[in-house]
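**Student:** This is the structure I want to talk about, given as structure tokens.
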Amino acid sequence: MPTLLDFRRRIRSVKSTQQITRAMKFVAAARLRRAQEAALAARPYARELARVLRSTMSRIVEPEHPLLAVRPEERILAIVLTGERGLAGAFNTNILRKANEFFRGHKGKKLSVIPVGKKGRDSLKKAGFNLISEYINVLAKVEFATARDISTLVTDLYSKEEIDSVYIIFSEFKTVMTANLVVEKLLPVEAVREGEGAAAGGTSSQVDYIYEQPEEQLLDKLLPRYIETQILRAMLESSAAEHGARMTAMESATKNAGDVIEALTLHMNKVRQAAITKEIIEIVSGASSTA
Amino acid sequence: MLPESIELIVVTPERQLLRQRTKEVQLPGADGYLGILPGHAPLITELGIGELSYHDMSGKESVHLAVLRGFAEVLPDRVTVLAETAEFAADIDIARAEAAKARAEKRLASGDTNIDWDRVTVALQRALIRIQVARKYRGVPVDSR
């Protein structure tokens, strides 16, 4: 039978855990807001770039470029975006499960991986995948330079025909509670998705532009930029989703700690009362026996 | 009828820097500077490393930005600049740019054959343009030494 002191000690320990989870929740909420703002701020560039790319592609009768070349998919590279740290609920588990699903679906092909984020790196390394490179400690503050590094690496490999396709697997921020797991084909660049810029761009892709540089040269510059922005977007989305998941996880942890404290307090009071009752009975029976 | 003004939009991968109505815009195209007035024919160009400037609606004040590579789309009433990096002259940290310039010059002078020439020359150009734009804006002669 645990004594009163044991209960007090446990309650104190749960309380301090609760304080930590509550603080982590607030930190995650603040970071989430920043991540969301960054994701929002990056949108105009991506939208305008997609528009310019689309209009340039439509001008060239048969666009030819190493990054557009379609080859049979034998050697596949996947960029997997996870979190840097745990304590984010099922965030990392989910994205890694999605990645494993993807790998199973491409059994027999030559697979290689570029993990972004420490959690994914650790897990994928342990699973014995061929890591071409790894990017860790880059998601705390998402920078364009990182997206560019990754993009340069994969476009180089692709142009040299060392890989046949590149996919990116990441969590897309939906709401604080939910994230979509997304597998997107990065290379070869397929016809740029319509609709992405249609809302803002209107019909301007029909405009007959003067091209200062030859279209092919422009395309050569535009395509790598497009890949960069795709990677940047994925990083921003993933980082927002991670903070969202952590916030939710920490909130429910705080709530659970509250429940535990309540249950323990109730129990403790019962034990205290039982002890008092016992003492009274002892006194009463002692008194009656002497009377 | 020609439009009266141009809407100038400057975006970088990280954020939208500027969205404003202007009378005149000058862009550092990859093959030379372009001056854009309202009603310009639609045009797409690659950007070089240089200075972007525009006159506000009164036509008196001009604002300068250091712009590094990217693209620009010109429409009769709109100019969209997709720059890799863009900075207002007032935001440029001259000390940092000077340090970058010194670093790049040192590397170029080192005679090391292993250096990435492209990268170093771009770094140097970029430092130079940032210093130039920042100085001009702050009223310091461009070549003060």
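**Student:** Take the Cα of B:I94, step 7 Å along the line toward its Cβ, and report every residue of the range B:107-132 whose backbone nitrogen sits under 20 Å from that point.
**Tutor:** Flagged as within label range: B:124-132.
**Student:** Do you know the relative contact order of the range B:93-137, to the nearest whole percent, from alpha carbon pairs under 8 angstrom that are 6+ apart?
**Tutor:** Computed over the range B:93-137, the figure is 54 percent.
**Student:** Name the residues whose placed amide hydrogens come within less than 5 Å of the amide hydrogen of A:S165, ignoring near sequence neighbours (fewer than 5 apart) on the same chain.
**Tutor:** Long-range HN contacts for A:S165: A:R75, A:L77.
**Student:** If you take each beta carbon of peptide B:11-24 and count the beta carbons of other chains within 10 angstrom, what is the mean? Before the final figure, lay out the partial values.
**Tutor:** Values: counts 9, 5, 16, 9, 8, 7, 3, 0, 1, 0, 0, 0, 0, 0.
Counting other chains' Cβ atoms within 10 Å and averaging over B:11-24 gives 4.
**Student:** Further question: Can you tell me how much longer the chain between A:R33 and A:S13 gets when fully stretched, taken as 0.36 nm per residue apart minus their C-alpha distance, in nm with one decimal?
**Tutor:** 4.1 nm
**Student:** Peptide A:35-48: average number of partner chain Cβ atoms within 10 Å per residue?
**Tutor:** The shielding value for this peptide is 4.
**Student:** Evaluate E = 1/(1 + (r/R0)^6) for A:F26 and A:N269, where r is the Cβ-Cβ distance and R0 equals 25 Å; express this FRET efficiency to the nearest 0.05.
**Tutor:** Efficiency for this residue pair is about 0.20.
**Student:** Now, a different point. Is the shape of the range A:31-99 rounded, prolate or oblate, going by the alpha carbon gyration tensor and its root eigenvalues a ≥ b ≥ c, with a/c under 1.5 for rounded and a/b larger than b/c for prolate? Write out the running numbers ahead of the final one.
**Tutor:** Values: a/c = 4.84, a/b = 1.46, b/c = 3.32.
Oblate is the answer for the range A:31-99, as a/c is 1.5 or above yet b/c matches or exceeds a/b.
**Student:** Right, next: Each label point is 7 Å from the Cα along the Cα-to-Cβ direction; what then is the distance between the points at A:I276 and A:L181, in nm?
**Tutor:** Computed distance between label sites A:I276 and A:L181 equals 5.4 nm.
**Student:** Quick one: net charge of A:M250's neighbours, Cβ under 9 Å, K/R +1, D/E -1?
**Tutor:** Within the 9 Å Cβ shell, the charges total +2.
**Student:** Can you tally the net charge around B:R19? Count Lys and Arg as +1, Asp and Glu as -1, for every other residue whose Cβ sits under 15 Å from the Cβ of B:R19.
**Tutor:** Numbers: positive: A:R43, A:R47, B:R15, B:R21, B:R78; negative: A:E48, B:E7, B:D56, B:E73, B:D77.
In short, 0.
**Student:** Using Cα-only point scatterers and the Debye equation, what is log10 of I(q)/I(0) for chain A at each q in 0.14, 0.16 Å⁻¹, rounded to two decimals?
**Tutor:** Log-scaled intensity ratios, in q order: -1.04, -1.23.
**Student:** Continuing with this model, one more query. Residues of the range A:57-86 with backbone nitrogen within less than 15 Å of a virtual label 7 Å along the Cα-to-Cβ line of A:K110, please, listed as ranges.
**Tutor:** Output list for this probe position: A:71-78.
**Student:** Rounded to the nearest Å, what's the spacing between the alpha carbon centres of the range A:55-98 and the range A:114-150? Just the number, please.
**Tutor:** Here the answer is 14 Å between Cα centres.
**Student:** What net charge is computed for the residues neighbouring A:E64, neighbours being all others with C-beta under 13 Å from the C-beta of A:E64, Lys and Arg scored +1, Asp and Glu -1?
**Tutor:** Taking every Cβ under 13 Å from that of A:E64, the sum is -4.
**Student:** While we're here: Count the DSSP beta bridges whose two residues both fall in the protein assembly as shown, then state the antiparallel fraction as a percent rounded to the nearest 5.
**Tutor:** Once the DSSP bridges in the protein assembly as shown are tallied, antiparallel ones form about 65 percent.
Any read-out appearing in this document is the output of simple, stated calculations on the displayed coordinates, not a laboratory observation. Predicted model only: the values in this text are computed from it and were never measured. Here Cβ is always computed from backbone atoms with ideal geometry, including for glycine, and neighbour counts include all displayed protein chains.
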